[in-house]
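Taking it in order: structure first as structure tokens, then the write-up.
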């Protein structure tokens, strides 16, 4: 399995059902596990799908509506009760610290592990986390309260030397690294050997975007351009387009339109209203606009490659 994947913990909207929990998912990049949104019962679903809660290093909340947030206090407390020692960092819209402080005060909850809260209050795309393997960009969405989407992008890997190049030119370790980083080779004679003759890219960096909740907004297109997998809310079908506009949500067809305009490779629909026992109407409407569409399913893993 790819080391970059998404595990769906919950694909439902405001009201959980037997088939779909409220919003939550694990994004895994290499050895780093991150939780994106944390609706009620998220920690139960982490256990159900064999995820070690102590392995989560970062948590990202799109906004503070209950179906994306109410599972967080319990999860933080469980991590403490189970003896967590590793640091945990939470990225969430402004106001989350006051909410957690009040809940912890009235419930007598405390944590013994390092817990950092980074509150987001920006109105343009911004990198909020940078590691040597990937970075995360948060960008504002149009919803009934401050809400953010996230893009997870791998850093470009080093190039690979073509077979025989090192011996042919007698490259030192220093020059090998320079060529792998994209430099041309300058010989002692002054002759320049283009990097394209020396190295090649065998593995490309990949990207994943999460947009939930949001009204239909074509200004998102440049931000989402060319991502490998876009997970976007599709709370309603076209029959409820007026309700979607009123509540600042998207229909499946609107999510597909954004995917098409942005030129993404694949679209994963999520955040389904509890009124839908069968998702075929949503999938059909989306695929009519953007064929490379799937409906998210709780417990399923979607590889990003």
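The values are calculated or read from the model by the stated rules, or taken from the named source; none is laboratory data. Being a predicted model, the structure only gives us computed values, none of them experimental. Glycine gets a Cβ as well: all are built from the backbone with ideal geometry, and neighbour counts include every protein chain shown.
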Select, from 205, 241, the only residue that is modelled with pLDDT of 95 or more, out of contact with any helix residue (DSSP H, G or I) (no Cβ under 7 Å at 6 or more places or on another chain) and closer than 26 Å to residue 148 by Cβ. 241
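Among the residues of segment 114-157, count how many are assigned to a loop (DSSP other than H, G, I, E, B), within 16 Å of residue 205 (Cβ to Cβ) and without any contact (Cβ under 8 Å) to a residue 24 or more places away in the chain.
1
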Please state which one of 273, 189, 219, 284 is surrounded by 13 or more Cβ atoms within 10 Å (Cβ to Cβ), free of Cβ contacts under 8 Å to residues at least 60 places away in the same chain and more than 28 Å from residue 30 (Cα to Cα). 284
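Any residue at all in segment 92-101 that is farther than 25 Å from residue 220 by Cβ and either touching a strand residue (DSSP E or B) at 6+ places or on another chain (Cβ under 8 Å) or not assigned by TED's automatic domain parsing to the domain that holds residue 214 (or both)?
Taking every residue of segment 92-101 in turn, at least one turns out to be farther than 25 Å from residue 220 by Cβ and either touching a strand residue (DSSP E or B) at 6+ places or on another chain (Cβ under 8 Å) or not assigned by TED's automatic domain parsing to the domain that holds residue 214 (or both).
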Out of 50, 63, which single residue is farther than 30 Å from residue 140 by Cβ, under 21 Å from the mean Cα position of the chain (by Cα) and not in a helix (DSSP H, G or I)? 50
In this structure, is residue 52 in contact with a strand residue (DSSP E or B) (Cβ under 7 Å, 6 or more places away or on another chain), farther than 21 Å from residue 151 by Cα and surrounded by fewer than 14 Cβ atoms within 10 Å (Cβ to Cβ)? no
Here the residues within segment 91-113 that are in contact (Cβ under 8 Å) with a residue 12 or more places away in the chain, part of a loop (DSSP other than H, G, I, E, B) and either surrounded by 14 or more Cβ atoms within 10 Å (Cβ to Cβ) or more than 23 Å from the chain's Cα centre (by Cα) (or both) are 95, 109, 110, 111, 112, 113
Within segment 1-38, how many residues turn out to be more than 30 Å from residue 155 (Cβ to Cβ) and part of a strand (DSSP E or B)? 1
Quick check on segment 80-90. Is at least one of its residues closer than 21 Å to residue 250 by Cβ, in contact (Cβ under 8 Å) with a residue 24 or more places away in the chain and in contact with a helix residue (DSSP H, G or I) (Cβ under 9 Å, 6 or more places away or on another chain)? no
